[in-house]
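Note sheet for the following structure.
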Amino acid sequence: MDWLTDNKIPLGNWIRDGVDLLDEHAAWFFNFISDVVGFQIEALIDFLLWMHPLAVVGLIAFLAWLLHRSIRLTLACVFSLLFIINLGYWEATMETLALVLCATATCMIIGVPIGIVAAHRPWLYAMIQPVLDLMQTIPTFVYLIPTLILFGLGVVPGLISTVVFALPAPIRLTYLGISSVPRPLIEAGEAFGATKWDVLWKIELPHALPTIMAGLTQCIMLSLSMVVIAALVGADGLGKPVVRALNTVNVGMGFEAGLSIVILAILLDRIVKRPAGRRGAAK
């Protein structure tokens, strides 16, 4: 087997040279992306921190009540967020929330249209499926290195890596939801003169909405799972105290920051998730 190992394919060198080439000739483009994305995230963070913490708690609780009409969920939001304030991680929680919201919005804006197009063109989904598999299975540190080189330290490489990791979820679930629409339902719409856009907006998307919303919740959970990874490249948020606790073997700090991440994940999941029963019923 020596002939096989002695003739190694220089894949790593090719990728390194490609990243260096981009960094040398397209640095202006990546700097522009970094400035625009960084400005948007920082503006959202500044807005969330500008508001009084109790005002943010009240706004999130009102949103939970408006969407679910659930006293139990509303009170859970209030007491959970007050608990985070008591632990002293409110600012880090708002920074993490801004990162998750931006990453989730980016993934849904990109992923839902791709999933819709792929559902109508099976050959396209067959082409992108290996790419989606690669995005979900490759270790995050692998593509964290080129994003760090191209975008520098800060929240932007963390956001880009989060988007790469979470993007396959909305694409796959949107594709699944659109593909699972019963064919007789589509044929009935076409028989009544519905155009392709009418079929998409009035039949396919309403039928696929629960699956698309599942993609949204999955995207939120995957984004939150990248919080600690993003902290390694300079992103602010709850990942920083976790990394600091890991470096100093501080069990208490690590547990408090980790518990804050769990609380934020549960609240976002419960707020976004569609209620199983009647929407107008109080629970």
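The values are calculated or read from the model by the stated rules, or taken from the named source; none is laboratory data. Because the structure is a prediction, the values reported are computed rather than measured. As a convention, Cβ positions derive from the backbone with ideal geometry for all residues, glycine included, and neighbour counts pool all protein chains shown. To get the accessible areas, we keep the full protein, side chains included, count just its heavy atoms, and leave off ligands, DNA and RNA. Shrake-Rupley method; radii C 1.70, N 1.55, O 1.52, S 1.80 Å.
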Working note, region 156-203: Cα radius of gyration (Å, one decimal) and Dmax (Å, whole number) are 16.3, 49
Hull volume per residue for the chain, using the convex hull of the C-alpha atoms, in Å³ is 191
In units of 2.2 N^0.38 Å, the Cα radius of gyration of region 119-211 is 1.47
Taking every C-alpha to C-alpha distance in region 180-245 and binning by 10 Å from 0, the per-bin percentages run 19, 27, 16, 14, 15, 7, 0
Rounded to one decimal in nm, the spacing of the 7 Å Cα→Cβ label points at V117 and I71 is 5.0
Carbon and sulfur atoms account, in whole percent of the 1.4 Å probe accessible area of the chain, for 70
Packing-ranked peptide list from 204-216, 92-104, highest mean Cβ count within 10 angstrom first, is 92-104, 204-216
Contact order relative to length for region 150-283, counting C-alpha pairs under 8 Å separated by 6 or more residues, stands in percent at 30
Burial-style ranking of 12-23, 43-54, average other-beta-carbon count within 10 Å with highest first, yields 43-54, 12-23
Placing one equal point scatterer on each C-alpha of region 47-137 and summing with Debye, one gets log10 I(q)/I(0) at q = 0.11 Å⁻¹ equal to -0.53
The extension gain from L22 to L87, computed as 0.36 nm times the residue separation minus the Cα-Cα distance, is 19.0 nm
Of 242-255, 182-195, ordering from highest average Cβ density within 10 Å down gives 242-255, 182-195
In whole µm²/s, the translational diffusion coefficient that Stokes-Einstein assigns to region 165-283, given a Kirkwood hydrodynamic radius over C-alpha pairs, 37 °C and 0.692 mPa s, equals 191
Inter-part gap, Cα centre of region 232-274 to Cα centre of region 128-196, in whole angstrom, is 25
As straight-line cross-link partners of K8, the qualifying aspartates and glutamates (C-alpha separation under 17 Å, not fewer than 8 residues apart within one chain) are D17
